[in-house]
1. Would you be able to tell me the number of residues in the stretch 307-325 that are over 16 Å from the mean Cα position of the chain (by Cα) and among the polar types (S, T, N, Q)?
2. Filter the stretch 307-355 for residues that are hydroxyl-bearing (S, T, Y) and closer than 30 Å to A381 by Cα and give the result.
3. Looking at G401, G305, G388, G314, can you tell me which residue is closer than 21 Å to G421 by Cα, surrounded by 21 or more Cβ atoms within 10 Å (Cβ to Cβ) and among the small types (G, A, S)?
4. Report whether or not L355 is in contact (Cβ under 8 Å) with a residue 60 or more places away in the chain and either under 17 Å from R200 (Cβ atoms) or not basic (K, R) (or both).
5. Give me a count of the residues in the stretch 362-374 that are open to solvent by 10 Å² or more (accessible area, probe 1.4 Å) and either modelled with pLDDT of 95 or more or farther than 13 Å from Q197 by Cα (or both).
6. Taking only the stretch 181-208 into account, find how many residues are open to solvent by 10 Å² or more (accessible area, probe 1.4 Å), assigned to a helix (DSSP H, G or I) and either more than 15 Å from L316 (Cα to Cα) or among the basic types (K, R) (or both).
7. Answer with yes or no whether I79 is assigned to a helix (DSSP H, G or I), open to solvent by 40 Å² or more (accessible area, probe 1.4 Å), at pLDDT 75 or above and closer than 19 Å to L135 by Cα.
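The values are calculated or read from the model by the stated rules, or taken from the named source; none is laboratory data. These numbers were taken from a predicted model, which means no experiment stands behind them. Here the Cβ positions follow ideal geometry from the backbone for every residue, glycine too, while neighbour counts run over all protein chains shown. Side chains included, ligands, DNA and RNA excluded: accessible areas come from the protein's heavy atoms. Shrake-Rupley method; radii C 1.70, N 1.55, O 1.52, S 1.80 Å.
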Amino acid sequence: MSTGPGADSAPGHTSTTTRAAGRPAGEHPENAPTARNPRDPRNPRNPKNSMFSSLKIRNYRLFATGQVVSNTGTWMQRIAQDWLVLSLTGSASAVGITIALQFLPMLLFGLYGGVLADRLPKRPLLLCTQAAMGLTGIALAVLTLAGHVQVWHVYLAAFLLGLVTVVDNPARQTFVSEMVGKDQLANAVSLNSANFQSARLVGPAIAGVLITAVGSGWAFLLNGLSFAAPIVGLLLMRTHELHRAEVQPRAKGQLREGLRYVAGRPELIWPIVLVGFIGTFGFNFPIWLSAFVSKVFHGDAGTYGLFNTLIAAGSLAGALLAARRGLSRLRLLVAAAVLFSVLLLVAALAPSFWLFAALLVPIGVFGLTVNVTANSSVQMATDPEMRGRVMALFMMVFTGGTPIGAPVVGWVTDTYGARIGMAAGGAISLAAALAIGLVLSRVGNLRLSVNRHGVAFVPAPRARELVTAA
């Protein structure tokens with residue numbers, strides 16, 4: 001959380017240049033700061049705002065309800081999909097190929113998905129993408145239940161799901177701001193993450209019971225049917241209550257325009273770069289946890305499940321804390337990234353089973369804080385007409401790095417051991433967090449302050465740039 005001068009200003013509103021119209025460059029009327037009564041319920045600093053304040057908005061409440069159902073189904077399919085591939089091939093590498101195929105489209109086509117999200121109305125677009133994702137699950141269920149499924153069917157389903165996600169992700173991310181508006185955006189982004197992590201606690205457990213009792217096919221079927229919930233929620237929304245962003249007409253160079261827009265704004269490019277490093281090298285828990293279970297602590301599937309549950313519980317706590325905090329700061333992002341990286345290094349050297357297990361909870365807290373803070377900071381600092389392209393780049397960097405980072409981290413872990421593999425990921429993440437923190441401090445004209453209250457970056461005298469964003 002921010003301290004020092006400028007800490008209570010809204011993020012993303014300060015710029016070094018001014019247009020002829022007198023508004024800071026890059027600032028949209030929607031993002032313009034306004035003087036508000038601190039008792040106004042729309043004011044993000046209103047003490048009456050709660051951890052679940054965005055759920056008071058009917059449209060978002062419908063959206064969140066649908067998402068908790070479909071997210072549970074998604075986690076069920078993830079477990080069932082990996083188990084099915086392992087059953088068909090007996091190869092862990094085949095499971096890795098499945099995961100890579102699901103994330104590969106985001107790496108290859110993610111930016112184009114952002115262009116489509118900016119060009120098309122979000123709600124109708126989401127109706128199409130959610131229906132397509134549901135049909136993918138149902139098709140895989142039919143093949144599995146009929147006994148005709150082959151591994152290439154699973155590969156194809158994973159790739160098709162990844163293609164739909166290319167458009168669904170930026171559309172869903174940016175639609176949040178249309179449902180709740182700027183004041184509740186940070187809270188809603190945090191609750192979305194809490195929603196996803198809650199499903200992560202429940203979905204795998206349900207999948208495990210189903211796979212054991214009746215087979216993977218029923219998990220696929222329930223996942224496909226679960227998409228009916230968000231579709232119904234979208235159809236029931238009151239469209240006149242949406243904060244509609246202007247739809248961008250088709251034009252040449254929109255992809256390049258989006259890249260130039262991000263490259264010219266330090267409060268956007270550096271959080272995205274940091275999330276890219278953390279996502280590529282720091283979020284490789286399936287590799288590390290399985291290696292610790294089998295090679296270090298000599299556990300079983302129950303031990304692996306325990307480790308994943310502890311990280312999910314920490315992530316859920318981190319999401320709820322972010323929702324309560326409301327506002328997002330770049331200095332909080334850097335601090336969380338540093339703490340996350342340090343905890344990875346400490347856990348890698350943990351001498352005992354229970355110390356390692358206990359460290360997984362704060363790792364989940366700070367890892368989720370990095371994700372949520374970066375997401376909400378980037379959205380709030382972006383003009384509405386550019387959000388689709390910017391969030392597509394954000395998601396492409398965050399998730400698209402998986403096909404690159406996972407094989408590298410896996411090779412290091414297999415060659416040098418679980419402890420070295422996890423420590424390497426933590427060291428790279430820490431170096432990135434410190435380097436980007438220094439860059440942002442220089443751009444924002446901040447200095448390191450050490451006093452009886454602690455250590456922090458604070459605005460230097462006469463600071464004018466990025467103080468509010470930092």
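1. 2
2. S315, S328, S341
3. When all the criteria are applied, what remains is G401.
4. Numbers: in contact (Cβ under 8 Å) with a residue 60 or more places away in the chain: no; either under 17 Å from R200 (Cβ atoms) or not basic (K, R) (or both): yes.
The answer is no for L355.
5. Residues meeting the conditions: 2.
6. 5
7. Answer is yes for this residue.
To keep it simple, each residue is scored yes or no on (1) more than 16 Å from V334 (Cα to Cα); (2) of a type outside the set (S, T, Y).
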position: R265; (1), (2): yes, yes
position: P271; (1), (2): no, yes
position: L274; (1), (2): no, yes
position: F285; (1), (2): yes, yes
position: S294; (1), (2): yes, no
position: Y304; (1), (2): yes, no
position: F307; (1), (2): yes, yes
position: A312; (1), (2): yes, yes
position: L316; (1), (2): yes, yes
